[in-house]
Amino acid sequence: MRLSRSSKIFCTMLAVCLILSACGGGGGGSASEDGTIITARGVITGFGSIYVNGVRYHTNSARFTVDDNPGTESDLKLGMVVTVTATLNDDNTGNASSIVFDNELQGPVANLVTDADGLIKTFTVLGVTVIADRVGTSFHDTTFDTLVEGDLLEVSGFYDGSLVLNATFIERKESFTPGVSEVELKGTVSNNTSESFLINGVTVNYDPSGIRTDLSRLTGAISDGDLVEVKGSLDENGEIQATRIGHEDDGLDDSISKVSLEGIITGYIDDSNFMISGIAVDASSALFIPSGLTLGNGIKVEAEGPIVNATLQALKIGARGGGNDIEIDAHVSSLSNLDNSITLNLSNGSVTVFVDNRTRMEDKTKAVESLSVSDLGSGDFLEVRGLLDSSNRVILTELRRDNTDDLVLQGPVEDFVTNSSVTILGVTLFTSATTQFEDINDSTISADTFYNGLTVGSLVKIKDEEPGDGTADEVEFED
């Protein structure tokens, strides 16, 4: 299969690893799959050894490749998107033979903007728009609050249909120095000449003789429409002086027995015809998790099945975010290691949430290196994101222990009393004359406008300023 030029940017190391392994990948094994060779691409959600797409992969015999160089497990970090080739065991674990991390982007931050809620930062790196999420992005050697223009960042994550990179991992390398700091960029070649071309509007200059630019990773001459990876330095004119250029493979083996792929849906036509990370997917016969999952552009999912004729024939597809996400910022009132449940207190009530092998857990208090439910205690302040399963349980996708902040509850509205209260996840929070109401664009609206537009099922976020009194300080529609 030949991908369209607009889709090629999504084909990162997954395609390469699939061809090298000539076999499949998985997001969860069973006894009947013991011995199956799998390839899984997704975010690292935990260590010991590593967790990817809900499976613990033992790394004792693994070969590590990090940014095209030999590496070790210690080079891997929470939030990185990796490709794992492994053999499934009968205990729902895997023995990894190869683990590959290849960043999507490295360069200086520009055009940095923070949203009104202080939860999302948007910026550009080498012409690529990047979105960083306070909870959903793992930060290393920097934080959400300390990101500044001019930082040299390495970024991993998933592209959406607008070619916006939704960061799952950001690491600050250093302060950017023009002509010295190494930058990396992947994309589609345009305006190619004998010594330069464009990617995302950024000029890349190279030495066609191969003396100043390593061209050994090219599979042929550079042409418009090629997907390439460029490494080099960014000069004061904003042009890359390439030290290495290589083609990114956009092919897929015609028959791969098992693949697990996490990413954002793009190019959605119907359930039998869409893309995840540039890979064609047919989910028309898939088991949906939860059963009421509705697919569409912008929804983050994990699809699992064989590759047949360059299309992933999904046997299972599960939501990982991008729909009616649950958000809760609150203190722990109780927890259970038996079922990995955590009960969070929200003044007028509580919500019980559940951690599974896919939950990315991070400790911003730095009390422990690798956070687990057993490390949590009553009174800890957590910021969590999750999804409702078929039994209306909140299954967490992200959990972050942090310093105490305002209480937050977001979810679909279950009930409301006009000009009085809103109920979400069984918790009723009241509104008053001092409550600030906002629409989906963060613009202030009146209480009457809010309640006139409110329906059961509306996605709403409520903030109750710490220490919380059960009356909302801010209420806003979410999209």
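Results, tabulated for the structure shown:
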quantity	calculated
Counted residues, the stretch 136-151 - those being surrounded by fewer than 21 Cβ atoms within 10 Å (Cβ to Cβ) and either β-branched (Val, Ile, Thr) or touching a strand residue (DSSP E or B) at 6+ places or on another chain (Cβ under 8 Å) (or both)	10
Search result, residues across the stretch 324-375 that are of a type in the set (Lys, Arg) and within 22 Å of Val301 (Cβ to Cβ)	Arg358, Arg360
Total residues in the stretch 397-426, condition of a type in the set (Val, Ile, Thr), at pLDDT 95 or above and touching a strand residue (DSSP E or B) at 6+ places or on another chain (Cβ under 6 Å)	5
Residue under evaluation Ser190, criteria (1) of a type in the set (Gly, Ala, Ser); (2) at pLDDT 95 or above; (3) buried (at least 22 other Cβ atoms within 10 Å of the Cβ), criterion not met	(3)
Per-region count, the stretch 107-127, residues surrounded by fewer than 21 Cβ atoms within 10 Å (Cβ to Cβ) and farther than 17 Å from Phe144 by Cα	1
Subset of the stretch 369-424 [in contact (Cβ under 8 Å) with a residue 12 or more places away in the chain and of a type in the set (Val, Ile, Thr)]	Val373, Val384, Val394, Ile395, Thr397, Thr404, Val408, Val413, Thr418, Val422, Ile424
Those residues of the stretch 29-72 which are in contact (Cβ under 8 Å) with a residue 60 or more places away in the chain, small (Gly, Ala, Ser) and buried (at least 17 other Cβ atoms within 10 Å of the Cβ), in sequence order	Gly29, Ala40, Gly42, Gly46, Gly54
Any hit, the stretch 169-183, residues being among the small types (Gly, Ala, Ser), modelled with pLDDT of 95 or more, part of a strand (DSSP E or B) and under 22 Å from Glu154 (Cβ atoms)	no
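For every residue, the table says whether it meets (1) surrounded by fewer than 19 Cβ atoms within 10 Å (Cβ to Cβ); (2) part of a strand (DSSP E or B); (3) assigned by TED's automatic domain parsing to the domain that holds Asp363.
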site: Leu396; (1), (2), (3): no, yes, yes
site: Arg400; (1), (2), (3): no, yes, yes
site: Pro412; (1), (2), (3): yes, yes, no
site: Phe416; (1), (2), (3): no, yes, no
site: Leu429; (1), (2), (3): no, yes, no
site: Thr449; (1), (2), (3): yes, no, no
site: Val460; (1), (2), (3): no, yes, no
site: Asp469; (1), (2), (3): yes, no, no
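The values are calculated or read from the model by the stated rules, or taken from the named source; none is laboratory data. Nothing here was measured: the structure is a model prediction, and the numbers come from that model. Quick reminder, even Gly has a Cβ in these numbers, built from the backbone with ideal geometry, and neighbours come from all protein chains shown.
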